[in-house]
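Structure record follows, encoded as structure tokens.
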Amino acid sequence: MTDKDVTPGWLHWYQGPTKPTFTLPDGAVDAHCHVFGPADQFPFAPERKYTPVDAPAQQLFDLRDHLGVDRNVIVQATCHGADNSALVDALERSGGRARGVATVRADVTEAELRRLHDAGVRGVRFNFVKRLVDAVPTAALETIAAKIAPLGWHVVVYFEAADLPDLKDFFAALPVPLVVDHMGRPDVTKDPDGPEFAEFLDFVAANDVWVKVSCPERLTAGGPAALDGERHAYTDVLPFARAVVERFPDRVLWGTDWPHPNLKDHMPDDGLLVDHIPHIAPTRELQQALLVDNPRRLYWPTEA
């Protein structure tokens, strides 16, 4: 793959991120990040909706160490489809310091699921964002959920706020815990106390649901961006994230979303994203739960 193959306008991950001023607690987990390629070793899926720049495992681990993170949860990217080779390679390279969330098809075998489990996979991702996937076959997803339940895995769901009313009954019927990416992508131009976000909070409260308070750079409508030393970034996202953290302190997770696929406006400084954490989890108790206790309980339960 050459630069000319990359999706036009693709933003490269931030070079030379700053060192955070916020010191992460010991054992902190980046619970949402990705690896892309390298494409000459792990080709992207023919059916992909975008072609990124390479973002290999070693770059992720270098960022982990720079930020002061202890462990990662690596989520299979849609550009790799159901070929989890790059994900498994990263998990094996991590020396036990990473867990994975894979993408599988309904015909996945028990042997393949066991292979993925032994590599460190603990969940599968269902993507409902219409611009990233074709029509989602819910019957196939029900089949997958039934197959992974005996392994103690969970399902990670990615959807947009406006689509929750049509999806929540399907989600609630799945026989495994759910993890929601990026707070269900709320519209942050709306009232955080309004009916749309209240429906999301009620859905979380009524079901076995965990929430990632991640991707303020993806949700923001007015910034300011986490660039140029800005440590009070994405103020329009804060009321939504803080509401989730304070209402569900034992079911929230945080992640960088490195290397930030499909961003169009700006590429954030990952060091400044770490400095965003105290604004959404203002006490040491909330920070410890968000960054250490919760992800350990979900992904490394024998150590929790």
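Looking for whichever is exposed (fewer than 14 other Cβ atoms within 10 Å of the Cβ), over 21 Å from LEU263 (Cα atoms) and not small (Gly, Ala, Ser) here; the options are ASP5, ASP62. Which one fits?
ASP62
(1) under 25 Å from TRP13 (Cα atoms); (2) not aromatic (Phe, Trp, Tyr); (3) not in a helix (DSSP H, G or I): which one isn't true of HIS279, the others all being true?
Here HIS279 meets the rest and fails (3).
Just give me the residues in the stretch 144-155 being over 12 Å from VAL104 (Cβ atoms) and in contact with a Phe, Trp or Tyr (Cβ under 8 Å, 6 or more places away or on another chain), in sequence order.
HIS154
State whether the residues of the stretch 48-55 include one that is over 18 Å from LEU263 (Cβ atoms) and not basic (Lys, Arg).
Checking the stretch 48-55: not a single residue is over 18 Å from LEU263 (Cβ atoms) and not basic (Lys, Arg).
Quick test for you: out of ASP118, ASP193, pick the one residue that is over 20 Å from the mean Cα position of the chain (by Cα) and within 23 Å of THR302 (Cα to Cα).
Selected residue: ASP118, the only one of ASP118, ASP193 that is over 20 Å from the mean Cα position of the chain (by Cα) and within 23 Å of THR302 (Cα to Cα).
Search the stretch 113-135 for residues that are at pLDDT below 75 and pair each with any residue that is of a type outside the set (A, V, I, L, M) when their beta-carbon atoms are under 6 Å apart and the residues are at least 6 apart or on different chains.
Pairs found: LEU132/LYS49; LEU132/THR78; VAL133/ASN127.
Tally the residues that are more than 15 Å from TRP13 (Cβ to Cβ) and touching a Gly at 6+ places or on another chain (Cβ under 8 Å), restricting the search to the stretch 47-89.
Number satisfying all stated conditions: 11.
May I ask you to say which residue of ALA90, ALA98, ALA86, ALA106 is farther than 27 Å from GLU303 by Cα and small (Gly, Ala, Ser)?
Only one candidate qualifies: ALA106.
When the stretch 254-274 is examined, which residues are found to be more than 12 Å from TRP13 (Cα to Cα) and either without any contact (Cβ under 8 Å) to a residue 60 or more places away in the chain or within 14 Å of the chain's Cα centre (by Cα) (or both)?
Matches in the stretch 254-274: TRP254, GLY255, ASP265, LEU273.
Condition test on THR138, is it more than 18 Å from HIS34 (Cβ to Cβ), open to solvent by 30 Å² or more (accessible area, probe 1.4 Å) and among the β-branched types (Val, Ile, Thr)?
yes
Only one of (1) within 21 Å of VAL180 (Cα to Cα); (2) crowded, with 23+ Cβ neighbours inside 10 Å fails for LEU91. Which number is that?
It is condition (1) that LEU91 fails.
Please specify each residue of the stretch 245-269 satisfying the condition of being in contact with a helix residue (DSSP H, G or I) (Cβ under 6 Å, 6 or more places away or on another chain) and not in a loop (DSSP other than H, G, I, E, B).
VAL245, VAL252, LEU253
Select from the stretch 15-35 the residues that are of a type in the set (D, E, K, R) and open to solvent by 30 Å² or more (accessible area, probe 1.4 Å) and list them in ascending order.
LYS19, ASP26, listed by residue number.
The values are calculated or read from the model by the stated rules, or taken from the named source; none is laboratory data. All figures in this text were calculated on a predicted structure; none of them were measured in a lab. Positions of Cβ are generated from backbone atoms using ideal geometry, with glycine treated the same way; all protein chains shown enter the neighbour counts. Note: accessible area is taken over every heavy atom of the protein model, side chains too, but ligands, DNA and RNA are not part of it. Shrake-Rupley method; radii C 1.70, N 1.55, O 1.52, S 1.80 Å.
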